[in-house]
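Scroll down for the structure; my scribbles are underneath it.
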């Protein structure tokens, strides 16, 4: 009897607490509440990661400097926003516990905290009632709203993503156990000892398999392989294809996954006619792969036509101390190189054969959208290619996906709006559907605000340059723009110098990372009034000369 009364007492208390929390949520703007929830999660995880139990004191006989709290907050934010920008290399800075926490942040941040909550409540605990508040929070969190059957979309997608994580996690674990690193002699000399090979170690292989599966599926870009992403596996085409598959699954969006499920069911059940894909799925598919195809083609043309011997397609790896002699040799081939320089010349081109270099371009154009894995050194690309990749990162992935950026649908509407303007058409149509004026207006607002945010971010990061007393001295304005674009697209690719940024620059990147993840349109809701007071009168309308 006492036990029963105690249970009822606890149940009533929990019920009251839950009601209080729900009333508290209703009193807040949903996006503000979302930011507060994320703030609490980052605070808790950053405090744990800041503790000595998560960071290595030594690694491979070398002393590891512990990160200060701001750098830990930066890393935590980067993991939770699925970006991948880091202050220190993840493979040697964090121990197993620290890497597990980062993987947890990546998984929960990619799928979505409130999406996971809905999945747990509805599917695991079999409760069919989902509050409207939680549904709105989930849609704001994923940077998309208005898709059909949101509960079913979330449950189907999360189940599928968990299944993919398990299947690819085990598959890659066996791959890493039986397969050694694959790289050219030039890349091997470039990396030195700054990488780990898990071959022959089940402990490392399972850690590699699941960590990189989670990171790739959630378009995070974190790795525990080396000081330069997945470069030790530059020649492992099979591994990179697996990662591309994971990147696409994570980047196309929940509604598309659900739409594909409906199409498969339609086929299996033998229903009449074809399954009609939603406008969202059609636009997402076309733009996602169109941007990839155009980006790959342009990158290939830019790199193969480059005459600079130090760019990606032509590069031979030579260490900095021999660079002066190498440049003299390039200007006058009659000079006899020293034995040291001859060794590197004999290694051949750093990025190997034509096929290897071509596939490297394919991989970077898939990865740049929002993933952040790279098998090459970004600074080895020519100047136009770096700008091109930066633009791809800004476009990003699809709404309601694990990626960031302005989103593929926004880019599609922007291009169609420009085409309609040149054709003197007032309406925008896509796949025989007319787009609402509100959608079009929001598209231009997103583009404008994204541009302003990136300009402000580039300006603030420029204060870290040595010209202004900062520590950045080997990165130009293009590299700074590239890092800002990477943060906004939650990509994680870096032109270098992240660890040398000043406090203001790091805080700015943290803000940009979360704006990129939530989406500009969702972030705008923070400043939206609940009730708009309409004016009782209107002013005279007049044209103003522009442009």
> Would you pick out the residues in region 299-317 that are assigned to a helix (DSSP H, G or I) and crowded, with 18+ Cβ neighbours inside 10 Å?
Replying inline: 299, 302, 303
> Any idea which of (1) free of Cβ contacts under 8 Å to residues at least 24 places away in the same chain; (2) assigned to a helix (DSSP H, G or I); (3) touching a helix residue (DSSP H, G or I) at 6+ places or on another chain (Cβ under 9 Å) is the one residue 36 doesn't satisfy?
Replying inline: (3)
>> Of the residues 509, 524, only one is within 30 Å of residue 402 (Cβ to Cβ) and either surrounded by 22 or more Cβ atoms within 10 Å (Cβ to Cβ) or at pLDDT 85 or above (or both); which?
In response: 509
>> Condition first: in a loop (DSSP other than H, G, I, E, B) and either out of contact with any strand residue (DSSP E or B) (no Cβ under 9 Å at 6 or more places or on another chain) or crowded, with 19+ Cβ neighbours inside 10 Å (or both). Now tell me which residues in region 222-257 satisfy that.
In response: 222, 223, 224, 225, 228, 229, 230, 234, 235, 236, 252, 253
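Of the residues in region 324-349, how many are free of Cβ contacts under 8 Å to residues at least 24 places away in the same chain and not in a helix (DSSP H, G or I)? Break it down into steps so the answer makes sense when it comes.
Start the filter on region 324-349 by keeping residues that are free of Cβ contacts under 8 Å to residues at least 24 places away in the same chain, which leaves 324-343, 346.
Those left that are additionally not in a helix (DSSP H, G or I): 332-338.
Residues meeting the conditions: 7.
Taking region 420-435 on its own, how many of its residues are free of Cβ contacts under 8 Å to residues at least 60 places away in the same chain, surrounded by 11 or more Cβ atoms within 10 Å (Cβ to Cβ) and either touching a helix residue (DSSP H, G or I) at 6+ places or on another chain (Cβ under 6 Å) or within 23 Å of residue 285 (Cα to Cα) (or both)?
First, pick out the residues of region 420-435 that are free of Cβ contacts under 8 Å to residues at least 60 places away in the same chain: 420-429, 432, 434-435.
Filter once more, keeping what is surrounded by 11 or more Cβ atoms within 10 Å (Cβ to Cβ): 420-421, 425, 428-429, 435.
From what's left, either touching a helix residue (DSSP H, G or I) at 6+ places or on another chain (Cβ under 6 Å) or within 23 Å of residue 285 (Cα to Cα) (or both): 420, 428-429, 435.
Looking only at that region, the number is 4.
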>> Condition first: in a helix (DSSP H, G or I), exposed (fewer than 14 other Cβ atoms within 10 Å of the Cβ) and at pLDDT 95 or above. Can you find one or more residues in region 9-32 that meet it?
In response: no
> Which one of the conditions (1) over 26 Å from residue 393 (Cα atoms); (2) over 23 Å from the mean Cα position of the chain (by Cα) does residue 155 fail to meet, given that it meets all the rest?
Replying inline: (2)
> Within region 149-203, can you find the residues that are surrounded by fewer than 16 Cβ atoms within 10 Å (Cβ to Cβ) and under 17 Å from residue 402 (Cα atoms)?
Replying inline: 159, 162, 163
> Counting only residues that are without any contact (Cβ under 8 Å) to a residue 40 or more places away in the chain and either in contact with a helix residue (DSSP H, G or I) (Cβ under 6 Å, 6 or more places away or on another chain) or closer than 19 Å to residue 513 by Cα (or both), which one in region 65-103 is surrounded by the fewest Cβ atoms within 10 Å (Cβ to Cβ)?
Replying inline: 69
> Do the conditions hold for residue 38, that is, is it modelled with pLDDT under 90 and under 21 Å from the mean Cα position of the chain (by Cα)?
Replying inline: yes
> Restricting attention to region 445-467, which residues are in contact with a helix residue (DSSP H, G or I) (Cβ under 7 Å, 6 or more places away or on another chain) and either surrounded by fewer than 16 Cβ atoms within 10 Å (Cβ to Cβ) or in a helix (DSSP H, G or I) (or both)?
Replying inline: 446, 447, 449, 450, 453, 454, 457, 458, 460, 461, 462
> If we scan region 258-278, do we find a residue that is within 23 Å of the chain's Cα centre (by Cα), in contact (Cβ under 8 Å) with a residue 24 or more places away in the chain and surrounded by 12 or more Cβ atoms within 10 Å (Cβ to Cβ)?
Replying inline: yes
> Which of the following residues is within 15 Å of residue 483 (Cα to Cα) and surrounded by fewer than 20 Cβ atoms within 10 Å (Cβ to Cβ): 379, 339, 331?
Replying inline: 379
> Since residue 280 meets every condition but one in (1) more than 20 Å from residue 167 (Cβ to Cβ); (2) at pLDDT below 85, which condition does it not meet?
Replying inline: (2)
> Within region 396-409, is there a residue that is under 18 Å from residue 255 (Cα atoms), in a helix (DSSP H, G or I) and touching a residue at least 60 places away in the same chain (Cβ under 8 Å)?
Replying inline: yes
> Just checking, which of 253, 200 is without any contact (Cβ under 8 Å) to a residue 24 or more places away in the chain, within 27 Å of residue 103 (Cβ to Cβ) and in contact with a helix residue (DSSP H, G or I) (Cβ under 8 Å, 6 or more places away or on another chain)?
Replying inline: 200
> Of the residues 472, 413, 430, which is in contact with a strand residue (DSSP E or B) (Cβ under 8 Å, 6 or more places away or on another chain) and under 22 Å from residue 293 (Cβ atoms)?
Replying inline: 413
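The values are calculated or read from the model by the stated rules, or taken from the named source; none is laboratory data. Because the structure is a prediction, the values reported are computed rather than measured. Quick reminder, even Gly has a Cβ in these numbers, built from the backbone with ideal geometry, and neighbours come from all protein chains shown.
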